[in-house]
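The values are calculated or read from the model by the stated rules, or taken from the named source; none is laboratory data. This structure is a prediction, so every number in the text was calculated from the model and none was measured. All Cβ positions, glycine included, derive from the backbone under ideal geometry; neighbour counts span all protein chains shown.
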Amino acid sequence: MEPSNCEQAHQTHRQPEEALSHDPEVLRVALIRERAERRRADGLAKMHMDVVKLALDLLVREPDIESFFGGLTKNMVEESDSHVCAVWLIDEAQQRCDMWMAYVVDRLYTQNSADWKSLTFPHEVLGSHLFAYAPGWSQTVEYQNDDPRLPDAVREFHRRAGVHGMVIAPLILGTRTLGWIKLSSRGIPECEEAQWWRVVLIEAIARQAALALHHSRLAGQNRLEERRKTILEERNRLARDIHDNLAQGFAAILMQLQAAQRESCRLAPAVAVKLETAVDLARMHMIEARRSVGTLRPNVSDGEDVAHALKRIADLARRTTSVPIEVSVDELPRFGDGVEREIIGIAQEALTNAVRHSRARRITLRASTARSIGFRLSVADDGRGIARERPDAGFGMTSMQERAERIGASLTIVTAPRSGTEVVLAWEPSSLPTQVHVAS
C-alpha cells in the first residue's frame, strides 16, 4: 500500500538527514520506524481484504439485507472487542434517521423483533443528533462518554452504563449518505493503536455496508417495478378479453335484437315487450363491459393531459345516464404517469358510483391545482348518500382508497343520508393519510 500524502511529506523531510547520518543509533531508529510503518500498511491492506471477503461471504450466506447486516454487526462486535454495534438509516424522504438494528453483546435486535422496545439506549435522540451534526455526514467521528457534542440523554446513558466511548462512521455511496454505523465499548482501549484500528475497521465495514445496502434497494425497486409491470400486463389482458369477447359480444347481440325489434309489428304484444326488455338488458351489459375496460385501463393516452382525460371520462359517463354532469377543470400540470393513472382511476370510480348508486339529480366534477404544486379533485352529487353504518362498503370504495395510498394522497369522502356524497382527492408531495368522513 502506498503511503499517504502526509507520510510521504514527512519522509521527504526526514530522509535526507537520516540518510546522511553516520550515527548507528539514528539509522537503527529510522529502520525500526520504517519497519513499523510497513507492518502497519501491510496490516491495513490485509484488514481491508478481510473485510471485503467477510462482506462477500455474508452476501452469499445471507442474501437478504437484514440478515447480512445482522452478520456484519455481530462480526464487528466480536472482532473489535466492542460492546454494541448499531445501524441508523435515513428515510427515503431524507427527513430523519432511525435505528434499524443493534447487536448488543451477543444478541441481535431489529425493529421487527419482539424485544426491540426493551432497548434502553436513547437511540431516537442519537438519531436526531446524527441527522443534524453536519461533520458526521462525511467523516468518521469519535466520541468520549461525556463528549459535549452529544445530547444530554446519551451522555447520561453512557455514565449509567459505563460506556467509555463510541466511533460512528457514515454509510456513504458516492455523494449520498445512507445512514450511520456505530461501535461503542465499555472498556478503555489498552493503547492508542487499538483505537486507531477500531476506526479503520469501522470505516472499511461502512464502505462495504453502504454498497450492499444500495444494491439491495436497487434490487427491491426492480422487483417492485417488475411487479407493477406484471399487474399492468394482466390488467391489459383482462381489458382486451372483456373488450374483444364480452363487449363485442353484447354489441352483436344488441344489433341482432334491434333488427328483430324492427320486425316486432308482426309479433304478439307480450313477445314485443320481452324483446324490448332483452334489448335494454343487452345495452346495459354492453355499457357495463365497456366501463369495465375503462376501469382496467384508466391510463391517460399518449400526449393526453389530466384535464383532457377527466373531461373524456365525464363525457363517457354522460352517455350512460340522464343525470346532468357538470365539469369544471382548470389547466393542470403533468404529475407523472403513476400519479395520473391513479387520479384518473379514482375519478372514474367516483363518477361510476355517483351515476349508478346515488339517485342524484345533479353530479359535479371539479379539478384544480393545490398550492401550485399539487392537485385537488372533487366528485359530488346531491343524491341519497351512503348509509352511515357502511361508509366504506363496496369494492369501488376500497379501490379508491388503495389508489390514493399508492400515491400518498388524501382521500376524504363526506356523505350523509339524503344529503349527497362528495369524494375529495388531494395530492401533494407530502399528503395526509387516506381517511373516510361520514357527516352526521
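What is the residue count in the range 98-149 for residues that are in contact (Cβ under 8 Å) with a residue 24 or more places away in the chain, of a type in the set (A, V, I, L, M, F, W, C) and part of a loop (DSSP other than H, G, I, E, B)?
Residues flagged as in contact (Cβ under 8 Å) with a residue 24 or more places away in the chain, of a type in the set (A, V, I, L, M, F, W, C) and part of a loop (DSSP other than H, G, I, E, B) within the range 98-149 amount to 2.
List the pairs whose first member sits in the range 212-230 and is more than 25 Å from L72 (Cβ to Cβ), whose second member is surrounded by 10 or more Cβ atoms within 10 Å (Cβ to Cβ) and modelled with pLDDT of 85 or more, and whose Cβ atoms are under 9 Å apart, counting only residues at least 6 apart or on separate chains?
Once the first residue is more than 25 Å from L72 (Cβ to Cβ) and sits in the range 212-230, no partner that is surrounded by 10 or more Cβ atoms within 10 Å (Cβ to Cβ) and modelled with pLDDT of 85 or more comes close enough.
Looking only at the range 100-117, which residues are small (G, A, S) and at pLDDT below 90?
Listed by number, the residues that qualify are S113, A114.
Listed here are the residues, each with its yes/no results for (1) out of contact with any Leu (no Cβ under 8 Å at 6 or more places or on another chain); (2) at pLDDT 85 or above; (3) farther than 30 Å from S368 by Cα; (4) outside the structural domain of T320 (by TED's automatic domain parsing).
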position: D244; (1), (2), (3), (4): yes, no, yes, yes
position: Q248; (1), (2), (3), (4): yes, no, yes, yes
position: I253; (1), (2), (3), (4): yes, yes, yes, yes
position: A259; (1), (2), (3), (4): yes, no, yes, yes
position: R266; (1), (2), (3), (4): yes, no, yes, yes
position: T277; (1), (2), (3), (4): yes, no, yes, yes
position: I287; (1), (2), (3), (4): yes, no, no, yes
position: G294; (1), (2), (3), (4): no, no, no, yes
position: R297; (1), (2), (3), (4): yes, no, no, yes
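Would you pick out the residues in the range 156-189 that are charged (D, E, K, R) and either farther than 26 Å from Q95 by Cβ or outside the structural domain of E203 (by TED's automatic domain parsing) (or both)? Walk me through how you get there before you give the answer.
From the range 156-189, those charged (D, E, K, R) are 156, 159-160, 176, 182, 186; that's our starting set.
Within the range 156-189, E156, R159, R160, R186 qualify.
May I ask you to list pairs of residues, at least six apart or on different chains, whose Cβ atoms are under 8 Å apart, with the first in the range 382-410 being in the same structural domain as E326 (by TED's automatic domain parsing) and β-branched (V, I, T) and the second being surrounded by 17 or more Cβ atoms within 10 Å (Cβ to Cβ) and modelled with pLDDT of 90 or more?
I386/I413; I386/T421; I407/I343; I407/W427
Scan the range 326-338 for residues that are closer than 17 Å to E405 by Cα and crowded, with 17+ Cβ neighbours inside 10 Å and report the count. Explain how you work it out, then say what you get.
Step one: of the range 326-338, the residues closer than 17 Å to E405 by Cα are 335-338.
The next check asks that each one be crowded, with 17+ Cβ neighbours inside 10 Å; those that pass are 335.
The qualifying residues number 1.
Take the conditions of a type outside the set (F, W, Y), within 34 Å of the chain's Cα centre (by Cα) and surrounded by 15 or more Cβ atoms within 10 Å (Cβ to Cβ) and apply them to R291. Does it pass?
Working: of a type outside the set (F, W, Y): yes; within 34 Å of the chain's Cα centre (by Cα): yes; surrounded by 15 or more Cβ atoms within 10 Å (Cβ to Cβ): yes.
For R291, the condition - of a type outside the set (F, W, Y), within 34 Å of the chain's Cα centre (by Cα) and surrounded by 15 or more Cβ atoms within 10 Å (Cβ to Cβ) - is met.
Select, from A169, A194, the only residue that is surrounded by 13 or more Cβ atoms within 10 Å (Cβ to Cβ), modelled with pLDDT of 90 or more and not polar (S, T, N, Q). Let's see the steps before the verdict.
On the way: A194 fails: modelled with pLDDT of 90 or more.
When all the criteria are applied, what remains is A169.
Consider the range 204-245. How many of its residues are buried (at least 17 other Cβ atoms within 10 Å of the Cβ) and more than 25 Å from E92 (Cβ to Cβ)?
Of the residues in the range 204-245, 4 are buried (at least 17 other Cβ atoms within 10 Å of the Cβ) and more than 25 Å from E92 (Cβ to Cβ).
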